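In what follows, a single structure is set out as structure tokens and then discussed.
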Amino acid sequence: MFESLSDRLGGVFDRLRGRGALTEADVRTAMREVRIALLEADVALPVARDFVEKVTELAVGHQVLRSITPGQQVVKIVSDALVEMLGSDTAELEIAVTPPAVIMLVGLQGSGKTTTTAKLAKLLKKQGKKVMMASLDVNRPAAQEQLAVLGTQTEVITLPIVAGQTPVDIARRAMQSAKLQGFDVLMLDTAGRLHVDQALMDEMKAVADIANPAEILLVVDSLTGQDAVNVASNFSEQVPLTGVILTRMDGDARGGAALSMRAVTGKPIKFAGMGEKLDQIEPFHPKRVASRILG
Ligand code: GDP
């Protein structure tokens, strides 16, 4: 994961550490290289620019340049900023509410929403929670059946399918059913679209009004890089997201989406999808990802 970024930063760091004394010009040259490395990893331009500006300001300070190990200090400043960029601490699911805690998954079609709904349900079930899943996707034929199949595989109950209902109808029925049957968690898999459009946003808001979700998690495909970041920025302007789940991190060699997501949405990445199998999901640990990048 993120090999190329890791290699490039490693090169910059080695050069910095290799020098006894550092001038401001040396630092600025190194920071230009950091900027290029971030942009090549497909980090969003404003995010890369802000990152480098902030780090440069800290690194050209007198304390740093006059210290005994200036290179080492500059490396530390960049490393700390990278951890902060990724989100510092691991963000937990906030589901300590009066049950059922509703977790709503939103995102574009094909981002991995349905798979991720089942993965999370499986994970929560393993933690001893009584979980129900419901698909609100009435647009894509067989979307509701797809979730029912995953429910069978994971032994998680899915809301029985009733033909002809709207997403809001289904959300209302799911809430009633989860309350009556004493479920701890209700997972709502919403309909995707090929692009962000107003009808999708309106539908999402109507469902959120009914279900009052504890979590609204945006599912985005990390492989789409800058697009993933644009989608996240659009969604976060319209729906009160509580976090992001990045799918296909197993195939993401560049890392741009992961690195830009926090700065662009202001929301933490809570989980990373690491494969197609239903147990291939991991809490997102910013420090671990940063240390992988930093080598
Ligand atoms: P949806 O349209 O957003 O509900 O997307 P799906 O859940 O149907 O997923 C689309 C495809 O992506 C399926 O083939 C999934 O198996 C695959 N997929 C989902 N998450 C991951 C992941 O983390 N890694 C990989 N490699 N594939 C994934």
| Which one of the conditions (1) more than 24 Å from the chain's Cα centre (by Cα); (2) within 14 Å of the ligand (Cβ to nearest atom) does ALA163 fail to meet, given that it meets all the rest? | (2)
| note | When segment 42-97 is checked residue by residue, the ones that are open to solvent by less than 30 Å² (accessible area, probe 1.4 Å), farther than 24 Å from SER260 by Cα and in contact with a Leu (Cβ under 7 Å, 6 or more places away or on another chain) are PRO70, GLY71
| query | How about segment 232-280: which of its residues are of a type in the set (Lys, Arg), at pLDDT below 95 and touching a strand residue (DSSP E or B) at 6+ places or on another chain (Cβ under 6 Å)? | reply | LYS267
| said: Of the residues GLN109, GLN146, only one is farther than 15 Å from ALA174 by Cβ, at pLDDT 95 or above, surrounded by fewer than 21 Cβ atoms within 10 Å (Cβ to Cβ) and not acidic (Asp, Glu); which? | reply: GLN146
| field | Members of segment 13-63 found to be aliphatic (A, V, I, L, M) and outside any helix (DSSP H, G or I), listed by number | value | ALA21, LEU22, ALA41, VAL43, ALA44, VAL60
| query | Name the pairs: first residue in segment 252-274 and without any contact (Cβ under 8 Å) to a residue 60 or more places away in the chain, second residue away from the ligand (no atom under 15 Å from the Cβ) and not in a helix (DSSP H, G or I), Cβ to Cβ under 7 Å, at least 6 apart or on different chains? | reply | THR265/LEU241; LYS267/LEU241; LYS267/THR242; LYS267/GLY243
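Of all residues in segment 194-203 being touching a residue at least 24 places away in the same chain (Cβ under 8 Å) and within 14 Å of the ligand (Cβ to nearest atom), which is least open to solvent (accessible area, probe 1.4 Å)?
VAL196
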| Could you list, in sequence order, the residues of segment 160-193 that are assigned to a loop (DSSP other than H, G, I, E, B), of a type outside the set (D, E, K, R) and open to solvent by 20 Å² or more (accessible area, probe 1.4 Å)? | PRO160, ILE161, VAL162, ALA163, GLY164, GLN165, THR166, GLN181, GLY182
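Is it true that some residue in segment 124-131 is within 11 Å of the ligand (Cβ to nearest atom) and in contact with a helix residue (DSSP H, G or I) (Cβ under 8 Å, 6 or more places away or on another chain)? Give the derivation first.
Residues of segment 124-131 within 11 Å of the ligand (Cβ to nearest atom): none.
No - not one qualifying residue is present in segment 124-131.
The values are calculated or read from the model by the stated rules, or taken from the named source; none is laboratory data. Note that the structure is predicted; figures quoted are calculated from it, not measured. All Cβ positions, glycine included, derive from the backbone under ideal geometry; neighbour counts span all protein chains shown. Remember, those area values only see protein heavy atoms, side chains included, never the ligands or the DNA or RNA. Shrake-Rupley method; radii C 1.70, N 1.55, O 1.52, S 1.80 Å.
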